[in-house]
1. Using R₀ = 51 Å, calculate the FRET efficiency as 1/(1 + (r/R₀)^6) where r is the Cβ-Cβ separation of residue 121 and residue 272; round to 0.05.
2. Once both labels are modelled 7 Å past Cα along the beta-carbon direction, what's the residue 191-residue 60 spacing in nm?
3. Using only Cα atoms, what is the ratio of the radius of gyration of the range 127-206 to 2.2 N^0.38 Å?
4. Report the gain in length on full extension from residue 154 to residue 84: 0.36 nm times residue separation, minus Cα-Cα distance, nm rounded to one decimal.
5. For the range 278-338 and the range 51-109, compute the distance between their C-alpha centroids and round to whole Å.
6. Calculate, in nm to one decimal, what residue 240 and residue 108 gain on full extension: separation in residues at 0.36 nm each, minus their alpha carbon distance.
7. Return 355, 191 ranked ascending by Cβ neighbour count within 10 Å, so the fewest neighbours appear first.
8. Once you have a ≥ b ≥ c as the square roots of the Cα gyration tensor eigenvalues for the chain, tell me rounded if a/c is under 1.5, and otherwise prolate or oblate according to whether a/b is larger than b/c.
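Bear in mind these aren't lab numbers, they're just calculated from the coordinates by the rules spelled out. Everything numeric here is computed off the predicted structure, so don't read it as measured data. A quick note on method: Cβ atoms are made from the backbone with ideal geometry, for glycine too, and the neighbour counts reach across all protein chains shown.
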C-alpha cells in the first residue's frame, strides 16, 4: 500500500508554530531582561535618600565602621527610604570592603549609586573649628572633641607625651603654645596626632624669620614670648596697652624681679573669677605663682593670638616696673616707676573696689 505524502501546508504550519514559539521565547526573554533592567535601574538610580524638605544633611561615618554601622547612621534619622536596596547595591559595588570614615553631605533625592560613590570616594565636607578663650589642655581637648571625632583623653595623653612633644620643641607644660585662637578647617575624622601636627604647621607659619629675630633681640625664646603674651592678654582688655604691659614684665625679668602677675595666681588656684588678689592667694604653692617664684611660669596660662604675641615682640621700651588698674573702670592702667607711687595708685583702686562691694 503506498505511503501518503505530507502536504506542503502541513510543513508550513509546523514551521509557523515553531517560529511563534521562538518569538514568544524571545519576547519573554526581552521582557525578563527589561524587568531585570528596570529592577536594577530602580535599585541603583532611583531616589533612595529623603531629607524631609532639607536641601542637605550630614552623615557621620565613624572610624572602624562596617556596613551595618553605615546603614544605622543613614537610617537613624530616617533618611534612607529602602534599606535593603542600599545594602544590596553596596555589596554589589564592594563598598562593604572600602568603607572610609568621615563627614559626608547628603542631598535630597540621591540614588543608592550616587550615595555609595560619595561614601566610597572619601570626599568629605570639612568643618570649622574655632579655638579661643582656653586656659588648659583639658579645656582644649574638650572643645576639640565636641567638633571632631577624636577622643579628648587621646589628645590630652598626646600633649602630655614627652617624646611626642619634643619633636615640636615643646613639653607637657608648653604644649598649649601650639594652639592660637582662630577658626580652622578640619576633616571630622582627623586623629589626635593629625590635629596636633596640623596646629604645629599653623604655629610654624606664625614664626617668620622676622619674628624670630625680634624674639632673639629681646632675649626671648618662642615659648617665652607666648608665656608673656598669655599673661599680658589676661591683664588688660585694652589691646593698645599690651606692648606697655609686656615692657613692664620684660623689665622685671631683666633685673631679676619677680613678675608678681595676678593672672598667674588665678591660674595656680584655678579660680578665674578672682578680682582681688590677697596674701592668702599669693601664698599658694605652685610653679605658676609668680609672687613666690622668679622668672616665667612653666607654660602659658591662656592660648595666645597673633596680636598679643606681636605686642610682646614689639614691646614698648620704658622704665616702668609697676602698673595698676585705674579706678575709673575704663579698663586701662596707670604705670609707675617706683613702688611708692604704685602703692598710692593701688590704694585708690582698692578703695574703688570697696565702694562697689567687691570682696574677692
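1. 0.65
2. The modelled label-to-label distance comes out at 2.0 nm.
3. It is 0.98.
4. 21.5 nm
5. Each part reduced to its Cα centre gives a spacing of 53 Å.
6. Once the chain is fully extended between residue 240 and residue 108, it gains 42.4 nm.
7. 355, 191
8. It comes out prolate by the Cα gyration axes.
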